[in-house]
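Peer 1: Could you have a look at this structure, given as structure tokens, before my questions?
Each reported figure results from applying straightforward, stated rules to the coordinates on display, with no laboratory input. What you see is a predicted model, and the numbers here were worked out from it, not measured in a lab. Reconstructed Cβ throughout: ideal geometry from the backbone, glycine too, with neighbour counts over all protein chains shown.
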Amino acid sequence: MSENILLEMEHIRKEFPGVQALKDVSLQLRAGEVHALLGENGAGKSTLIKVLGGIYTANGGTIRINGNPVSIESVLDAQKNGISVIHQELVLVPHMTVAENIFLGREPTAANGTVDFKKMNADVKEILDSFELAIIPDEEVSKLTIAQQQMVEIIKALSFNSNILVMDEPTSSLSEKDVGFLFETIRKLKKNNVGIIYISHRMSELKQITDRITVIRDGEYIGTRETATATNDELIAMMVGRQLTNYYTRTFSEPGDAVLEVRNLSDGKLLKDVSFELRRGEILGFAGLVGAGRSEVMKAVFGIDPFTRGDILVAGKPVKISNPEEAMTLGIALVPESRKIEALFPQQSVMYNITIKTIKEFIRGIFVNREKELAITREYVDSMAIKTPTYTQTVGNLSGGNQQKVIIGRWLATKPKILILDEPTKGVDVGAKAEIYAIMNELAKQGVAIIMISSELPEVINMSDRVIVMSGGRITACLPREELSQEQIMKYATQFVA
Ligand SMILES: Nc1ncnc2c1ncn2[C@@H]1O[C@H](COP(=O)(O)OP(=O)(O)OP(=O)(O)O)[C@@H](O)[C@H]1O
Ligand SMILES: [Mg+2]
């Protein structure tokens, strides 16, 4: 890393109606440096990089590139200044192909002036191959998995050959293998003197890949530390403004009777003979690599996806669940992994999004019981510490992590007996994680049976009564609490991996 300063953002301010998202934030990026931007959900990280990327115009402050003040008023301005951004929410055009997305607005033209699809697809194939990605250039983006879309997003950003690259939570839906590729790429880019701003809530990643860490809190600059010498406790204290004790809250007790039994579930595709039982008051962890089939099991149980064989019993009785409504009637709730796509109504209010599943309780004919609607909203905004200026705020305007908390709150409001959480803390800051753990513990104490799919092993190990490990669509182990360790889980998680 050189002392050569590529980018300086100084005293940046950005206001939205009712929200001062950035009050005074500064950030400096050197050539060949990976610089982390760390802060709680809603601290202003994405806003800062949207200012840099030309999506928002700041209300004040200076941006200097190579020492010269620049004005960035559009995405094109940003590109001209050598800035590429991988945004937190995917911005690919779903009905276009992979290659079209990557070359959008700068398609190569053939001699007759039309788009040279052949060249475009060939160029993209070359990049995809160099990443060993099994993605076809002329495949429609909507047909790809979320992880694949994320990789396309990354490749698109790389294809501009920018010298300033920003990654806003690039790994949140990547498999371990893809994260490996990404980190290799980052190391290569560093050698080429590219400066990278890296946003992630995963401390272990920051330790692994970044050189310096800048912390912001409530739109204000708190400080910058060398990654090598900063401790987690110090960074967390900077982030949340206090020491965080009791990270994992869990009081274990003897679980009750089986409330959910799944027997020999197969879907004719990935899932093979999946059998397990879930007991009252327990937290059952589901570990495995991305693609192991964990989400698929839960979608089958919840009536989203059909299955070809197998039985489901709720409270000892065989049931037939053909859609989510039937599952809900049986007291089951599922908080899906890709909340953005499967769950959020981005144009609607926080209140609408929280109460959408419970609305029946306070509608009588054409009358809505506003007080009840408000009470439910207040309960979950408070208990989940959702950061929003008002209950009527458009949910799409909340920060990524706060949107996730809204969806979790929505399902908690249904007061389920069986709660299935798919990666509940993905993209959620450390303070909010601790809050979610405390809520899970409280629900378990009250007798709710909880399934938690998670790729964060420390969380699975510390929160679960038992952990089921899946690999290649099969259950490879069911480990009691006493036998839980990262090594044990990884051993079974990779059992059917080529
Ligand atoms: N378009 C918008 N309109 C109104 N408010 C917004 C808008 N975009 C962001 N905000 C608000 O600005 C604040 C900062 O949000 P931002 O998305 O930058 O947070 P973040 O640090 O990226 O959080 P996360 O870790 O959850 O992604 C939040 O209070 C958010 O609700
Ligand atoms: Mg963000």
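Peer 1: Where a ≥ b ≥ c are the square roots of the eigenvalues of the C-alpha gyration tensor, would you call the stretch 130-175 rounded, which needs a/c under 1.5, or, failing that, prolate if a/b is larger than b/c, or oblate?
Peer 2: oblate
Peer 1: Starting from the stretch 1-64, pick out the GluC sites (Glu not before Pro) whose DSSP state is loop and whose Cβ has at most 16 other Cβ atoms within 10 Å.
Peer 2: 3
Peer 1: Something else about it: What's the long-distance tail for the stretch 220-342, i.e. % of Cα pairs beyond 20 Å?
Peer 2: Tail fraction, whole percent: 59.
Peer 1: Ok, one more. Taking Cα pairs under 8 Å and at least six residues apart, what relative contact order does the chain come out at, in percent?
Peer 2: On the way: 1007 pairs, mean separation 79.6, N = 498.
About 16 percent, as a whole number.
Peer 1: Please get the size of the charge dipole for the stretch 1-60, origin at its Cα centre, with Cβ charges of +1 on Lys and Arg and -1 on Asp and Glu, quoted in debye to the nearest 20.
Peer 2: 220
Peer 1: Using the Cα centre of the stretch 415-475 as origin and beta-carbon charges of +1 (Lys, Arg) and -1 (Asp, Glu), tell me which of 453, 424, 473 is placed farthest towards the positive end of the dipole.
Peer 2: Result: 473, furthest along the dipole toward the positive end.
Peer 1: Further, regarding this structure: May I ask for the longest run of the chain untouched by trypsin sites (Lys or Arg not before Pro) that are loop-located per DSSP and have at most 14 neighbouring C-beta atoms (other than their own) within 10 Å?
Peer 2: 321-498
Peer 1: Here's something else I'd like to know. Taking a 29 Å limit on the Cα-Cα distance, which of the listed pairs 272/491; 143/426; 23/372; 80/118; 445/491 fall beyond it?
Peer 2: Over 29 Å Cα-Cα: 23/372; 445/491.
Peer 1: Here's another thing I want to ask about it. Where the only charges are on Cβ atoms (+1 Lys, Arg; -1 Asp, Glu), what is the dipole of the stretch 258-340 about its Cα centre, to the nearest 20 debye?
Peer 2: Charge dipole of the stretch 258-340: 80 debye, to the nearest 20.
Peer 1: Dipole magnitude of the chain about its Cα centre, charges +1 at Lys/Arg Cβ and -1 at Asp/Glu Cβ only, in debye to the nearest 20?
Peer 2: Details: 56 positive and 63 negative charges, 126 e Å.
Roughly 600 debye for the chain.
Peer 1: Between the stretch 99-168 and the stretch 210-246, how many Å separate their Cα centres?
Peer 2: The distance from the Cα centre of the stretch 99-168 to that of the stretch 210-246 comes to 36 Å.
Peer 1: Next question. Looking at the square roots a ≥ b ≥ c of the eigenvalues of the Cα gyration tensor of the chain, which shape do they give, rounded for a/c under 1.5, prolate if a/b is larger than b/c, or oblate?
Peer 2: prolate
Peer 1: So, one more: Sequence gap at least 6, Cα distance under 8 Å: using those rules, report the relative contact order of the stretch 374-479 to the nearest whole percent.
Peer 2: 21
Peer 1: Still on this structure: Which of 443, 163, 495 sits closest to the plus end of the dipole of the chain, meaning its Cα is farthest towards the positive end, when Lys and Arg get +1 and Asp and Glu get -1 on the C-beta?
Peer 2: 443
Peer 1: Based on alpha-carbon centroids, what's the gap between the stretch 17-33 and the stretch 428-498 in Å, whole number please?
Peer 2: Taking the Cα centre of the stretch 428-498 as reference, the centre of the stretch 17-33 is 35 Å away.
Peer 1: Continuing with this model, one more query. Can you list residues whose amide H is under 5 Å from residue 166's amide H, if they're 5+ apart or on another chain and H is modeled 1.01 Å from N?
Peer 2: When sequence neighbours closer than 5 places are left aside, the close amide H contacts are 84, 85, 86, 197.
Peer 1: Using Cα pairs closer than 8 Å and at least 6 residues apart in sequence, work out the relative contact order for the stretch 1-151, in percent.
Peer 2: The value is 18 percent.
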